[in-house]
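Undergrad: I'd like to ask some things about the structure below.
The values are calculated or read from the model by the stated rules, or taken from the named source; none is laboratory data. Nothing here was measured: the structure is a model prediction, and the numbers come from that model. Cβ placement follows ideal geometry from the backbone for every residue including glycine, while neighbour counts extend to all protein chains displayed.
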Amino acid sequence: MMQQQALQGLRERLGPAGFTDDASDLAPWLTDWRGWRTGRALAMASPASLEEVRFVVQAAVAERIPIVPQGGNTSMVAGATPEADGQAIILSLRRMRRIRAVSIEDNALVAEAGVVLTQVHDAAAAAGRLFPLSLGAKGSATVGGLVSTNAGGVQVLRYGTMRALTLGVEAVLPDGTVHHGLKALRKDNRGYDLKHLLIGAEGTLGVVTAATLALVPRPVERAVAWVGLVRLDAALPLLRRLEAATGGQISSFEIVPQAGLDLVTHHLANARAPLAGRHQWHVLIEADTSRPGDPLADAMRDSLGAAVESGEVADAVIAGSEAQAEALWLLRESLPEAERREGGAAKHDIAVSVADMPAFIIQTAPAVESAFPGARVLAFGHLGDGNVHFNVRAPEGADGEAWLRQNSGAINRFVDDAVVAMGGTISAEHGIGVLKRDEFVRLAEPGRLEWMRAVKSALDPLGIMNPGKLLPPCD
Ligand code: 2HG
Ligand code: ZN
């Protein structure tokens with residue numbers, strides 16, 4: 001009864017654009033991007049202002065209605081999907097899509113939580129700057145989700161994750177108060193940093209409504225290369241050689257195995273392999289410069305040429321135009337979608353130290369494939385950060401979905417144990433959400449969970465913020 005009254009209050013305050021409990025409106029937002037979890041929800045509230053978000057949170061707190069904040073719904077760990085009990089409301093931030101300010105002098109912009117990443121890029125470009133974080137889901141991932149998951153992407157090597165690029169956060173906390181933290185303070189040393197607690201909290205400590213994002217000089221030129229490698233352990237020496245040759249201007253260093261490239265060329269219309277031959281490993285490399293006249297392309301060409309001559313690199317091509325550069329990037333960025341169309345995988349967004357990652361892949365891929373006969377490891381991504389997507393696909397010809405349902409738990413434990421044995425992390429990028437929660441709990445260092453629970457219960461004593469994500473639900 002009280003719950004119904006609270007929902008009616010939301011309906012009246014937010015109007016038809018801001019509130020729905022219609023099953024067909026809710027349906028697209030109840031399943032995660034990978035299709036692993038489908039939940040239910042009482043309703044979806046879509047506030048369009050900070051005050052409206054505050055109203056929703058206060059109403060939900062009063063009636064103890066759980067809140068599942070949601071942006072572009074591109075989580076890889078079902079982090080924005082409501083539970084199956086149907087007791088929560090989805091709090092969509094998608095109507096909060098204003099760029100509130102751009103300041104060249106602060107070298108920053110303020111974007112509301114529902115602003116899509118490509119809009120941030122466009123706003124930065126219009127001011128002659130760059131927001132240096134990009135990822136495959138840039139056309140749908142939103143600022144609130146990027147902050148709340150401490151997103152990474154393909155330029156972390158040079159510019160860092162959202163944690164490095166978020167200068168300030170505005171958020172509604174679970175008690176209904178607002179954290180007004182948008183001032184772009186480059187330095188603020190007053191003890192505990194609420195901003196950093198909210199970044200990567202996966203919506204469990206409050207609702208991020210806007211963020212101040214750091215900008216950098218806009219590159220005037222980029223050199224984008226596709227390289228074929230004979231051996232994976234040639235990759236890191238190549239990265240360091242190119243960094244030296246370009247004065248530290250390598251922004252992306254992404255590995256793609258031949259099997260990954262095959263998947264993309266199979267599924268992506270008009271896609272062509274960039275090199276004539278087949279190579280066990282490929283690397284997509286980007287170097288950027290914001291200095292006019294910088295001989296960046298020459299440096300890349302000379303270094304790659306020398307590496308081909310010495311046999312470290314099997315073959316390489318440098319994009320001759322922006323269109324070619326975009327086409328190379330599209331190959332890399334289409335890999336998750338191609339993998340999804342091919343039946344998906346048990347995904348592991350793991351990291352070990354950069355230096356250890358080639359050995360990790362070389363040892364662990366065959367170990368997984370022999371422990372799970374027929375399984376196919378597809379390791380790709382951010383080698384320059386020591387973070388790859390160590391994805392395990394079903395055997396050729398198997399019913400992929402059934403096979404994954406049956407084996408993914410054991411595969412996850414196998415891979416995660418190997419990661420922990422090498423001193424790594426089971427999530428370097430996608431977060432914990434609900435899909436990695438059990439593994440997180442199983443493998444977390446002593447004390448870590450207690451420490452996190454203490455923070456959670458201090459800020460969200462009723463446990464209504466994105467319950468069941470990151471930590472098991474409170475008893
Ligand atoms: C990427 O790097 C994303 O493309 C997705 O983080 C990785 O699909 C994946 O496993
Ligand atoms: Zn990634």
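Undergrad: Please note which strands (runs of 3 or more DSSP E) are completely contained in the stretch 156-272 and include at least 2 residues that are farther than 30 Å from Ile362 by Cα.
TA: 166-172, 178-181, 207-214, 221-229
Undergrad: To continue, here is another question. Among the numbered criteria (1) within 16 Å of ligand 2 (Cβ to nearest atom); (2) crowded, with 21+ Cβ neighbours inside 10 Å; (3) not β-branched (Val, Ile, Thr), which single criterion is violated by Ala394?
TA: (1)
Undergrad: Out of Val56, Val120, Val77, Val110, I need the residue that is crowded, with 19+ Cβ neighbours inside 10 Å, among the hydrophobic types (A, V, I, L, M, F, W, C) and in a loop (DSSP other than H, G, I, E, B). Which one?
TA: Going through Val56, Val120, Val77, Val110 in turn, the sole match is Val77.
Undergrad: Quick check on Leu378: is it more than 30 Å from Glu243 (Cβ to Cβ) and modelled with pLDDT of 95 or more?
TA: no
Undergrad: So which residues in the stretch 27-52 are under 16 Å from Arg95 (Cβ atoms), under 24 Å from the mean Cα position of the chain (by Cα) and in a helix (DSSP H, G or I), if there are any at all?
TA: Those that are under 16 Å from Arg95 (Cβ atoms), under 24 Å from the mean Cα position of the chain (by Cα) and in a helix (DSSP H, G or I): Pro28, Trp29.
Undergrad: Continuing with this model, one more query. Go through the stretch 132-144 residue by residue and tally those that are away from ligand 1 (no atom under 13 Å from the Cβ) and crowded, with 24+ Cβ neighbours inside 10 Å.
TA: So the answer is 4.
Undergrad: Six or more apart or on different chains, Cβ under 6 Å: which pairs go from a residue in the stretch 422-435 that's more than 18 Å from Ala355 (Cα to Cα) to one that's among the acidic types (Asp, Glu) and away from ligand 1 (no atom under 12 Å from the Cβ)? Could you list them?
TA: Sorted first by the residue in the stretch 422-435, then by its partner, the pairs are Gly431/Glu202.
Undergrad: Scan Asp288, Asp315, Asp302, Asp298 and give me the residue that is at pLDDT 95 or above and within 27 Å of His430 (Cα to Cα).
TA: Exactly one of Asp288, Asp315, Asp302, Asp298 is at pLDDT 95 or above and within 27 Å of His430 (Cα to Cα), namely Asp288.
Undergrad: Given the residues Leu296, Leu328, Leu335, which is the only one that is farther than 25 Å from Val368 by Cα and within 16 Å of ligand 1 (Cβ to nearest atom)?
TA: That would be Leu328, the only listed residue that is farther than 25 Å from Val368 by Cα and within 16 Å of ligand 1 (Cβ to nearest atom).
Undergrad: Residues Ala151, Ala113: which one is in contact (Cβ under 8 Å) with a residue 60 or more places away in the chain, hydrophobic (A, V, I, L, M, F, W, C) and over 24 Å from Ala45 (Cα atoms)?
TA: Details: Ala113 fails: over 24 Å from Ala45 (Cα atoms).
One residue alone meets the criteria, Ala151.
Undergrad: Looking for whichever is touching a Lys or Arg at 6+ places or on another chain (Cβ under 8 Å) and buried (at least 20 other Cβ atoms within 10 Å of the Cβ) here; the options are Leu304, Leu335, Leu378, Leu404. Which one fits?
TA: Of Leu304, Leu335, Leu378, Leu404, the one residue that is touching a Lys or Arg at 6+ places or on another chain (Cβ under 8 Å) and buried (at least 20 other Cβ atoms within 10 Å of the Cβ) is Leu378.
Undergrad: Suppose we filter the stretch 338-357 for residues that are more than 10 Å from ligand 1 (Cβ to nearest atom) and surrounded by fewer than 20 Cβ atoms within 10 Å (Cβ to Cβ); how many remain?
TA: So the answer is 7.
Undergrad: While we're looking at this one, here's another question. Return the residue satisfying two criteria in turn: it lies in the stretch 391-418 and is farther than 18 Å from Val77 by Cα, assigned to a helix (DSSP H, G or I) and touching a residue at least 40 places away in the same chain (Cβ under 8 Å), and of such residues it is nearest to ligand 1 (Cβ to nearest atom).
TA: Gly400
Undergrad: Among the residues of the stretch 358-390, write down those that are assigned to a helix (DSSP H, G or I) and within 14 Å of ligand 1 (Cβ to nearest atom).
TA: Leu383, Gly384, Asp385
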